[in-house]
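Just below is one structure, and these are the notes that go with it.
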Amino acid sequence: MAAAADPVSPSNTRVGWIGTGVMGQSMCAHIIRAGYKLTVFNRTVSKAQPLLDMGAQLAQSPLALASQSDVVFSIVGYPSDVRSVLLDPNSGALSGLSSGGVLVDMTTSEPSLAVEIASAAASKGCYSIDAPVSGGDRGAKSGTLAIFAGGDESVVHRLSPLFSLLGKVNYMGTSGKGQFAKLANQITIASTMVGLVEGMVYAHKAGLDVGLFLDAISTGAAGSKSLDLYGHRILQRDFAPGFYVNHFVKDLGICLKECQNMGIALPGLALAQQLYASLKAHGEGNLGTQALILVLERLNNVTLAPVPPTTAST
């Protein structure tokens, strides 16, 4: 890769990407369109096919991918997946990365694992940045994600041309601090989503047109990114995942574990985690987080009338 003083560019940096799901596919497309040579790995090869059609190369393992990359991004499901694709001695990316290479894990994961990866990378003369993101599928498609970066600040700065293709990078501190920031983000979203669906059920029971209600509150103090992203999707009964319930339950579980380590009580977080766990128990873990409305509908024996997409705002 370029010397430490030089920002990355398509002429001096080969990029690898592990995980081409809902988020990764859109993020990779921005990198390809910017002119970077991109190599991808995904356990389900069909999910990488659109990127291969755009010119990406396919690797057979994270190790093989890293051996032909200077910067390796990963965005996978769970901390166990992160450990496997990055640290497995036989197939993990770090084993294939040359000295000076950089790992950038964008999965929402455990802060302690981010510190462990950074230490393992440093022992090989490499770098690791934890850089989880917020903004969902729409943010990934539009390149407007919020990126929370932890690790060596100079490395984050050097990678800024790549990060800028994906959204706005926010340097949060040393290794693990990106993950802590993302977990705090998830705590904030969790209670916001509970408030949104409770307000919608209340408006419905009060006899209001829920679509008009959402439009009315969107410009006031109750407005939020969650309302903008999900309010009318909920009305259209569109529960396709911009972010999976299963992954959100995972995130909130990590948050609760960290709260226990810190000795703090966050009751709103605990309630939200239980409500989302109920979705998972009903077999709805592969729906998007906006499916939380289903829990409130079941609790109150109501169903919001679906609004066709042509009559609902976006």
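Among the numbered conditions (1) farther than 22 Å from residue 120 by Cα; (2) in a strand (DSSP E or B), the only one that residue 17 does not meet is (1). Restricted to segment 154-173, and to residues there that are of a type in the set (Ser, Thr, Tyr) and touching a residue at least 40 places away in the same chain (Cβ under 8 Å), the residue that is farthest from residue 134 (Cα to Cα) is 154.
For residue 85, are the conditions met, namely being out of contact with any Pro (no Cβ under 9 Å at 6 or more places or on another chain), touching a residue at least 12 places away in the same chain (Cβ under 8 Å) and not aromatic (Phe, Trp, Tyr)? Here the answer is no, as residue 85 does not meet what is asked.
Screening 182, 168, 177, 205 for residues that are of a type outside the set (A, V, I, L, M, F, W, C) and under 19 Å from residue 276 (Cα atoms) leaves exactly one candidate, 182.
Return yes when residue 252 is touching a residue at least 60 places away in the same chain (Cβ under 8 Å), surrounded by fewer than 21 Cβ atoms within 10 Å (Cβ to Cβ) and not basic (Lys, Arg) and no when it is not.
Working: touching a residue at least 60 places away in the same chain (Cβ under 8 Å): yes; surrounded by fewer than 21 Cβ atoms within 10 Å (Cβ to Cβ): no; not basic (Lys, Arg): yes.
The answer is no for residue 252.
Give the residue, chosen from 83, 33, that is modelled with pLDDT of 95 or more, out of contact with any Cys (no Cβ under 7 Å at 6 or more places or on another chain), basic (Lys, Arg) and farther than 18 Å from residue 131 by Cα.
On the way: 83 fails: farther than 18 Å from residue 131 by Cα.
Criteria check complete, one pass: 33.
Condition (residue is part of a loop (DSSP other than H, G, I, E, B), without any contact (Cβ under 8 Å) to a residue 40 or more places away in the chain, over 17 Å from the mean Cα position of the chain (by Cα) and under 27 Å from residue 285 (Cα atoms)) applied to segment 43-54: is it met by at least one residue? Scanning segment 43-54 turns up at least one residue that is part of a loop (DSSP other than H, G, I, E, B), without any contact (Cβ under 8 Å) to a residue 40 or more places away in the chain, over 17 Å from the mean Cα position of the chain (by Cα) and under 27 Å from residue 285 (Cα atoms). Per the conditions (1) modelled with pLDDT under 95; (2) closer than 25 Å to residue 112 by Cα; (3) open to solvent by 30 Å² or more (accessible area, probe 1.4 Å), the sole criterion not satisfied by residue 3 is (2).
Any chance segment 196-211 includes a residue that's open to solvent by less than 10 Å² (accessible area, probe 1.4 Å) and touching a Ser or Thr at 6+ places or on another chain (Cβ under 7 Å)? No: segment 196-211 contains no residue that is open to solvent by less than 10 Å² (accessible area, probe 1.4 Å) and touching a Ser or Thr at 6+ places or on another chain (Cβ under 7 Å). Looking across 151, 176, one residue alone is touching a residue at least 40 places away in the same chain (Cβ under 8 Å) and either among the aromatic types (Phe, Trp, Tyr) or open to solvent by less than 10 Å² (accessible area, probe 1.4 Å) (or both). It is 176.
Residue check: is residue 286 open to solvent by 50 Å² or more (accessible area, probe 1.4 Å), touching a residue at least 40 places away in the same chain (Cβ under 8 Å) and touching a Pro at 6+ places or on another chain (Cβ under 8 Å)? Spell out the reasoning first.
Numbers: open to solvent by 50 Å² or more (accessible area, probe 1.4 Å): yes; touching a residue at least 40 places away in the same chain (Cβ under 8 Å): yes; touching a Pro at 6+ places or on another chain (Cβ under 8 Å): yes.
Here the answer is yes, as residue 286 does meet what is asked.
Residues of segment 289-314 that are open to solvent by less than 40 Å² (accessible area, probe 1.4 Å) and either part of a helix (DSSP H, G or I) or of a type in the set (Phe, Trp, Tyr) (or both): 289, 290, 291, 292, 293, 294, 295, 296, 297. When residue 274 is tested against (1) of a type outside the set (A, V, I, L, M, F, W, C); (2) open to solvent by less than 20 Å² (accessible area, probe 1.4 Å); (3) within 17 Å of residue 198 (Cα to Cα), just one condition goes unmet, and that condition is (2).
The values are calculated or read from the model by the stated rules, or taken from the named source; none is laboratory data. Fair warning: this is a prediction, and the values are worked out from it, not measured in the lab. We place every Cβ from the backbone using ideal geometry, glycine too, and count neighbours over all the protein chains shown. Calculation scope for accessible area: heavy atoms of the full protein, side chains included, ligands and nucleic acids excluded. Shrake-Rupley method; radii C 1.70, N 1.55, O 1.52, S 1.80 Å.
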